[in-house]
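As structure tokens, the structure follows; a few thoughts come after it.
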Amino acid sequence: MAMLSVKPGQRFTLPNWHTNSHLISADAERQRSASHQVRQEARALYNETNNQTKWDEHDNHTRLAERISSVNRWKETLDKCLADIDAEIDALAKVKEAAERALQAKNLPLDVSIECLTLRESRRAIDVVRDPVEEELHKEVKVIDKAKRELQQRVDEAFEQLCLLQEARQQLSCDHQRKMEALEIDRMCLSLNVNSPNISFKVNPTRVPDGSTALDEWEQNSQRNKEHAEAEIKASTELREATVLAIAQTNNELEAQRVATEFSLRKRIRDLERAYDELKWQEQNTLEEIAEMEEDIRRLEEGLRRKTKDLKVAHTRLETRTYRPHMELCRDQVQYGLTDEVHQLEGTIRALRQKLAESQDALDALFRQLHRIQTDTGYKANSLVLDNKCLDSRRKLVVPAEKFVPEVDTFNRAAN
């Protein structure tokens with residue numbers, strides 16, 4: 001007879017089975033309840049975190065936009081400062097070039113003044129006088145030297161100020177460049193979203209980078225650069241005004257001195273011309289007086305010769321009458337008359353000889369005076385030539401350089 005096989009293992013009772021079923025159902029209920037609680041909490045957390053993320057993203061988007069706006073305002077401020085400082089650098093450079101040209105232009109008046117002083121050193125004898133022309137020429141040299149020193153100082157100050165402006169511009173330019181880079185970075189950050197292809201996890205992104213500055217420091221740095229640039233622009237503007245004023249003032253002083261010098265020179269030339277004309281007039285009158293004196297001397301000599309002959313006649317008559325015989329040798333009226341005539345002629349001859357000597361002395365004095373006049377006339381003529389050369393040389397100060405061709409380069413300088 002066949003036997004039923006019995007599986008080995010524990011056998012549970014029916015109550016155990018029911019109990020197990022109830023336990024499973026209870027556990028399922030608890031798990032579903034716990035799952036429902038987790039789901040509700042997860043949904044709440046999801047909604048909360050999603051809202052928080054959206055608000056955080058919105059806030060940071062707004063902050064980025066505001067930061068971009070703030071940096072952009074500073075960039076525009078720096079743009080204006082850069083434009084202002086560039087304009088000031090250009091204006092100061094032009095004024096500096098004008099001062100350098102004015103300084104270079106002072107070489108010609110200085111050369112002319114020295115040339116005039118050198119020319120006037122060729123005056124001779126009594127004409128080597130320290131007259132107002134020489135004083136004005138020395139004063140002109142001093143005025144030119146002073147003008148050159150002042151203009152050179154302005155040129156040096158302008159150069160130093162240009163260096164300061166360039167330094168301030170460099171600071172502005174660096175700050176401006178950094179702000180441009182910061183704007184580009186922040187604008188790129190503003191454009192990022194979850195769909196951007198270049199987003200990824202980074203290592204320790206919340207670290208504080210080395211060299212980070214506080215917002216106040218950032219603001220103060222830009223403000224400091226702006227104020228520094230504005231201060232240098234103000235100093236440069238004042239220097240430009242002072243330099244332009246110095247150029248005008250030195251030009252006015254030099255022009256006034258040039259006019260004074262030329263006035264003295266022309267007055268001196270007129271005085272020399274009058275003195276020269278007076279000497280020529282004196283020379284002519286002296287020559288006429290010499291001619292008349294020589295004629296009078298010839299007349300005196302002729303008269304002396306005649307009186308000598310008359311005296312010889314009277315002497316001969318008297319001597320001849322001494323040979324009258326005996327009683328005829330009487331002292332008659334003829335004898336007295338001839339004797340008186342001899343005395344008269346001798347006195348006349350003495351007077352004529354004395355007057356002839358005086359006339360000869362006067363003639364010698366006239367000749368000496370004529371030589372003195374002619375010598376002084378030569379001095380005056382030489383001085384006139386020199387002063388007229390000075391006046392002609394000073395034409396270079398008023399005739400445009402392209403129209404003036406100097407005849408001789410006295411000091412071996414190139415024509416300015």
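The values are calculated or read from the model by the stated rules, or taken from the named source; none is laboratory data. Since the model is a prediction, treat every value here as computed from it, not as a measurement. Cβ: placed from backbone, ideal geometry, glycine included. Neighbour counts: every protein chain shown. The area values use the complete protein model at the heavy-atom level, side chains included, leaving out ligands, DNA and RNA. Shrake-Rupley method; radii C 1.70, N 1.55, O 1.52, S 1.80 Å.
Ignoring ligands, DNA and RNA, please state the percent of accessible area on the chain from carbon and sulfur, probe 1.4 Å. Present the calculation step by step, with values, prior to reporting the outcome.
On the way: 15610 of 28720 Å².
Accessible surface attributable to carbon and sulfur in the chain totals 54 percent.
With the radius of gyration and the Kirkwood radius both derived from the Cα set of the range 76-119, what is their ratio Rg to Rh? Please report the intermediate quantities before stating the final value.
On the way: Rg = 19.2 Å, Rh = 13.0 Å.
Answer for the range 76-119: 1.47.
Looking at the chain, which longest stretch skips every one of the GluC sites (Glu not before Pro) that is in a DSSP loop with at most 14 other Cβ atoms within 10 Å, leaving the sites themselves out?
Working: sites that count: GLU121, GLU407.
The longest such stretch corresponds to 122-406.
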How many nm is it between the label spots at LYS80 and ASP296, if each spot is 7 Å from the Cα in line with the beta carbon? 10.0
Report the relative contact order of the chain, percent, no decimals, based on alpha-carbon pairs under 8 angstrom and at least 6 residues apart. 26
Under a plain spin-label model, where a point goes 7 Å from the Cα along Cα-to-Cβ, how far apart in nm are GLN31 and ASN50? 2.8
Along the chain, longest interval not containing exposed trypsin sites (Lys or Arg not before Pro), exposed being DSSP loop plus at most 14 other Cβ atoms within 10 Å: 208-330
How big is the chain on each of its three principal axes, counting only the C-alpha atoms and giving the largest first in Å? 259, 38, 32
If you line up the long axis of helix 107-120 against the longest principal axis of the chain, both from Cα atoms, how many degrees apart are they, to the nearest 10? 20
Here the FRET efficiency for LEU190 versus GLN152, based on Cβ atoms and R0 = 51 Å and rounded to 0.05, is 0.35
Can you compute the FRET efficiency between ARG130 and LYS234 using 1/(1 + (r/R0)^6), with r the Cβ-Cβ distance and R0 = 51 Å? Round to the nearest 0.05. 0.55
List the lysines whose Cα lies under 28 Å from the Cα of LYS106, skipping any in the same chain that are fewer than 8 positions away. LYS94, LYS96, LYS139, LYS142, LYS146, LYS148, LYS267, LYS389, LYS396, LYS403
Solvent-accessible area per residue for the range 338-377 at a 1.4 Å probe radius, Å²? 64
Just to check I understand the Karplus step: with θ = phi - 60° and J = 6.51 cos²θ - 1.76 cosθ + 1.60, what whole-Hz values come out for the range 305-313, glycine and proline as x? 5, 5, 5, 5, 5, 4, 5, 4, 4
So what's the Cα pair-distance distribution over the range 53-184, bin width 5 Å, in %? 2, 9, 12, 10, 8, 8, 7, 7, 6, 6, 5, 4, 4, 3, 3, 2, 2, 1, 1, 1, 0, 0
If each DSSP helix of 4+ residues adds -39,500 (n - 2.57) and the sum is divided by the residues in the chain, what number results at 222 nm, nearest 500 deg cm²/dmol? -30500 deg cm²/dmol
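Rg to Rh for the range 88-158: what is it, with Cα atoms only and Rh by Kirkwood?
1.20
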